[in-house]
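This report concerns only the one structure given below.
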Amino acid sequence: MPATVVVGTQWGDEGKGKLTDLLAKDMRLVVRYQGGHNAGHTIVVDGQSFALQLVPSGVLYPHTVPVIGNGVVVDPAVLLAECEMLGSRGIDTSRLVLSGNAHLIMPYHYELDLMTERYLGQNKLGTTKRGIGPAYADKAARIGLRVQDLTDPKIFRQKLDVVLREKNALLSRVYNRLPLDGEAIAERYLGEIAPRIAPMIGDTVALVHEALEAGEQVMLEGAQATFLDVDHGTYPFVTSSNPVAGGACVGAGIGPRDISRVVGIVKAYITRVGSGPFPTEVEGETADYLVDRGHEYGTNTGRRRRPGWLDLVMLRQAVRLNSLSELDITKLDVLSRLETVKVCVAYEADGTVYEHVPYHQSVLHRVSPVYEELPGWQEDLAGATSVDDLPAAARSYVELIAKAAGVPVSFVGVGPGREQYVSFAA
Ligand code: IMP
């Protein structure tokens, strides 16, 4: 049975957690393939809210095995704390499997994330300050420590010694920070953390392939989203990994032919956290309305998200970049009670009309959105359970999105609860 990929089509926070949770109900494995605890998924089950950072959403179903793939960067202390939190709320995390090839986020990665941002000054990226970029940089530079190193104290210490010599020189001589104590780091990671992480470590590539060969359903869960992709997003205002569907192959250890379904998550409007271009950004009353009704504050950092109207130019690009086979629309209920709803159908810059995102960042910074203004709907959608329960204007909005994308819509979210969705599937 080929795998399903779930990917965000905007700048993250599309509400992937809820939809991945919904899809996870039929899955045997749910695999995270990139990112780290910069992600934050909120899932509401029976009125209880679960905020997940590293553990894949499938953990809430007893029949799924949550897997953290090789493409993820892991702060093991954060992972342990999250498992503890889930355990204290009655969720069993003992099935979780962590790739031995995933890279570790180390204390110096946090320091370097902070320092790089500080030195960038006004040009800072607005990172989550979780050490994500520096950890991926070390992976590419081939000086990263991996999860498997936790099980070999000699290797762990050797690698740490080498890497810390350079990091401490950088921290103390360039950034004027105190050098980090290698012995204290080794003691913490090997003494406190490793014994608790060791039982989770496994060969996740083998696990995924065994499941696929046995005809079981596997879901690959992306964190962040298409326009935060380091190759295809609004660089440099991106994260340091590949959330696009292609990243699922690398980050979980499968080939493209193992994927048959790619679900793109589309929030009914858009938000972005941190810096970077945002053609459909809105301010004023509409912005406050979307932020308040949509609770648009970071799950992790508490930062207010920047809101904007839905952008079909970005969506068309996301369809291409991910070969999306279906769309799930989230938070349609948030748009209720607006007199009109705007949708960006194209960009315009210097007399040129763009139907796809221009590759050149200077152009993207200059574009103005071309809007279509649609009638809004006054009804509250929270109780809708079928397409017929949706007001005609809300249905037209969904149809417009599907038509512009050229991809069918399967589900539409109408509230935070696990059961609050409408199925459009035939
Ligand atoms: P980093 O991933 O912490 O390096 O942050 C890089 C950029 O990605 C910043 O603009 C962050 O706000 C953004 N970002 C990272 N993770 C998420 C996420 O899960 N949702 C939304 N934005 C994110």
>> Of TYR289, CYS344, GLY222, which is farthest towards the positive pole of the chain's charge dipole, taken about the Cα centre with +1 and -1 on the beta-carbons of Lys, Arg and Asp, Glu respectively?
In response: GLY222
> Pick from ASP152, ASP13, ASP26: which is most flexible by mean-square fluctuation in a GNM of the chain where alpha carbon atoms under 10 Å apart are linked?
Replying inline: ASP152
>> With both bridge residues required to lie in the chain, what share of the DSSP beta bridges run antiparallel, to the nearest 5%?
In response: 40
>> Using the Kirkwood radius over C-alpha pairs as Rh, can you work out the diffusion coefficient of region 262-383 via Stokes-Einstein at 25 °C, viscosity 0.890 mPa s, in µm² per second?
In response: 159
>> What distance in nm lies between label points placed 7 Å from Cα along the C-beta direction at TYR297 and TYR235?
In response: 3.5
> Going by the alpha-carbon gyration tensor, a ≥ b ≥ c the square roots of its eigenvalues, is region 122-215 rounded (a/c under 1.5) or, if a/c is not under 1.5, prolate (a/b greater than b/c) versus oblate?
Replying inline: oblate
>> Under a Cβ-only charge scheme (Lys and Arg +1, Asp and Glu -1), can you give me the dipole magnitude of region 1-156 about the Cα centre, in debye to the nearest 20?
In response: 240
>> Name the residue from LEU335, LEU164, LEU79 whose Cα lies farthest towards the positive end of the charge dipole of the chain, charges +1 on Cβ of Lys and Arg and -1 on Cβ of Asp and Glu.
In response: LEU164
> Under unit Cβ charges (Lys, Arg +1; Asp, Glu -1), what dipole magnitude, rounded to 20 debye, does region 362-416 have relative to its Cα centre?
Replying inline: 340
>> How would SER260, SER325, SER410 line up from fewest to most surrounding beta-carbon atoms within 10 angstrom?
In response: SER260, SER325, SER410
> Between SER275 and residues 5 or more places away or on another chain, which pairs have amide H atoms under 5 Å apart, with H built 1.01 Å from N, and which residues are they?
Replying inline: GLY126
> Which value results for Rg/Rh of the chain when Rg is the Cα radius of gyration and Rh the Kirkwood radius based on the inverse mean 1/r?
Replying inline: 0.97
> For region 87-157, what class follows from the C-alpha gyration tensor (a ≥ b ≥ c being the square roots of its eigenvalues): rounded when a/c is under 1.5, otherwise prolate if a/b is larger than b/c, else oblate?
Replying inline: oblate
> Can you pull out the trypsin sites (Lys or Arg not before Pro) in region 1-105 that DSSP calls coil and that have at most 11 other Cβ atoms within 10 Å?
Replying inline: ARG89
> For the Cα atoms of the chain, what angle does the longest principal axis make with the long axis of helix 107-120, in degrees from 0 to 90, nearest 10?
Replying inline: 50
> Rounded if a/c is under 1.5, else prolate if a/b beats b/c, else oblate: with a ≥ b ≥ c from the C-alpha gyration tensor eigenvalues square-rooted, which is region 1-78?
Replying inline: rounded
> So which of LYS18/LYS267; LYS331/LYS403; LYS139/LYS167; LYS129/LYS154; LYS267/LYS342 end up more than 23 Å apart by C-alpha?
Replying inline: LYS129/LYS154
> 222 nm [θ] for the chain, helices only, -39500 (n - 2.57) per DSSP H run of 4+, per residue, to 500?
Replying inline: -9000 deg cm²/dmol
> Rg(Cα) of region 1-131 divided by 2.2 N^0.38 Å?
Replying inline: 1.11
> What list do you get for VAL5, VAL238 if you sort them by fewest beta carbons within 10 Å?
Replying inline: VAL238, VAL5
> Just in region 325-391: which chymotrypsin sites (Phe, Trp or Tyr not before Pro) are loop by DSSP and have at most 14 other Cβ atoms within 10 Å?
Replying inline: TYR359
>> Show me the ranking of peptides 35-42, 57-64 by mean Cβ neighbours inside 10 Å, starting with the highest.
In response: 35-42, 57-64
> Taking springs between alpha-carbon atoms closer than 10 angstrom, which of ALA186, ALA135, ALA81 fluctuates most in the Gaussian network model of the chain?
Replying inline: ALA81
>> Quick check for me: using +1 on Lys/Arg Cβ and -1 on Asp/Glu Cβ, what's the dipole size of the chain about its Cα centre, in debye to the nearest 20?
In response: 1100
> In percent, what relative contact order does region 234-317 have, based on Cα pairs under 8 Å that are 6 or more apart in sequence?
Replying inline: 31
>> For region 387-417 and region 266-335, what is the centre-to-centre distance using only Cα atoms, to the nearest Å?
In response: 16
>> Below 8 Å, C-alpha to C-alpha, sequence gap of six or more: please give me the relative contact order for the chain in percent.
In response: 20
> For the chain, the longest stretch holding no GluC sites (Glu not before Pro) located in a DSSP loop with at most 11 other Cβ atoms within 10 Å is which?
Replying inline: 1-282
> Which residue, chosen from GLY247, LEU374, SER260, occupies the Cα position most advanced towards the positive end of the dipole of the chain, where the dipole is computed from +1 (Lys, Arg) and -1 (Asp, Glu) charges on Cβ about the Cα centre?
Replying inline: GLY247
> How about region 116-223: which chymotrypsin sites (Phe, Trp or Tyr not before Pro) there lie in a loop by DSSP and see at most 16 other Cβ atoms within 10 Å?
Replying inline: TYR175
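Readers should treat all values here as calculations from the given coordinates under stated rules, not as data from a laboratory. Model, not experiment: these values are computed from the prediction. Heads up, the Cβs are rebuilt from the backbone with ideal geometry, glycines too, and the neighbour counts pull from every protein chain shown.
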